[in-house]
Ligand code: BG6
């Protein structure tokens, strides 16, 4: 898809000071949304949210200072969308990790600014799939609403004549003060598949800590998750829907160093908390069927 131009986008979809399109890093188009004191920034590539500030001085998401802003390359940090598969492709490892949505250019389908929120809906058409086995099979719509909370929903639509299995995730990178200060009480007592032990099933018997690398797929998580951080005066809560799993990831020191787009010490200041449908808990859609995966993030100063 040829990138649309900023003047046309602002004419068609811009909303005074509430929603503007502008040129971001490497000429990539970004969108700025405002609602009262809250600010949000996203890129059309990947419909990728890179910044969320519910109020001055509160930075909810972590973005790598070494992120590579290049067309066709996923941005490191913020909220990449993993779709139509999460992790490695089940049959073909030549296909990119976490699917093609995060590296594809989305089309803007609507924008609204009213007294309730400022919102944008973006679409990845089925014809845009870069892989023949996905061509014209599934479309993705992503709606974002900014109010005193950040609400988002991925809607997957099976456009093919046969049953479709897909996996997905809202791969959210949260900013924290220090990894040893953070925990997520809601996962205590859940079972998880440990990617670091070849997906060995494990039980979380005590509160999760982040002293070293963590890469886990939690099973049947509760709908409400709190991220506690003793080093920050901010309470963060996440409500999610449509997810069978919650992925929690921190690369630890060694893996962070191996990634050229990850700040060497960045692993100390982020945790990924990802509402997801993965592996055996992927979703199956009948022809014409939709699936909704969403989350609402609320961050306030205490
Ligand atoms: C997480 C996975 O969701 O994403 C990890 O559980 C993976 O295994 C991480 O390393 C980052 O993936 P990527 O493709 O963005 O480097």
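Values in this text are rule-based calculations from the coordinates and carry no lab data. All values derive from a computational prediction rather than experimental measurement. Ideal geometry is used to build each Cβ from the backbone, glycine not excepted, and the neighbour counts take in all protein chains shown.
Descriptive notes on the structure:
- Single match in 175, 129 (criterion: surrounded by 17 or more Cβ atoms within 10 Å (Cβ to Cβ) and touching a helix residue (DSSP H, G or I) at 6+ places or on another chain (Cβ under 8 Å)): 175
- Per the listing 161, 139, the residue uniquely assigned to a loop (DSSP other than H, G, I, E, B) and away from the ligand (no atom under 13 Å from the Cβ) is 161.
- Scan region 1-28 for residues that are surrounded by 11 or more Cβ atoms within 10 Å (Cβ to Cβ) and closer than 19 Å to residue 109 by Cβ and the total you get is 16.
- Members of region 209-239 that are within 15 Å of the ligand (Cβ to nearest atom) and either within 25 Å of residue 154 (Cβ to Cβ) or out of contact with any helix residue (DSSP H, G or I) (no Cβ under 8 Å at 6 or more places or on another chain) (or both): 214, 215, 216, 217, 218, 219, 221
- Among (1) touching a helix residue (DSSP H, G or I) at 6+ places or on another chain (Cβ under 8 Å); (2) within 20 Å of residue 260 (Cβ to Cβ), the one test that residue 21 misses: (2)
- When each of 284, 236 is tested for being in a strand (DSSP E or B) and loosely packed, with under 14 Cβ neighbours inside 10 Å, the lone residue that passes is 284.
- Residues located in region 240-255, provided they are touching a helix residue (DSSP H, G or I) at 6+ places or on another chain (Cβ under 7 Å), farther than 17 Å from residue 275 by Cβ and away from the ligand (no atom under 11 Å from the Cβ): 253
- Every residue from region 71-96 that is touching a strand residue (DSSP E or B) at 6+ places or on another chain (Cβ under 6 Å) and in a loop (DSSP other than H, G, I, E, B): 75, 78, 80, 84, 85, 86
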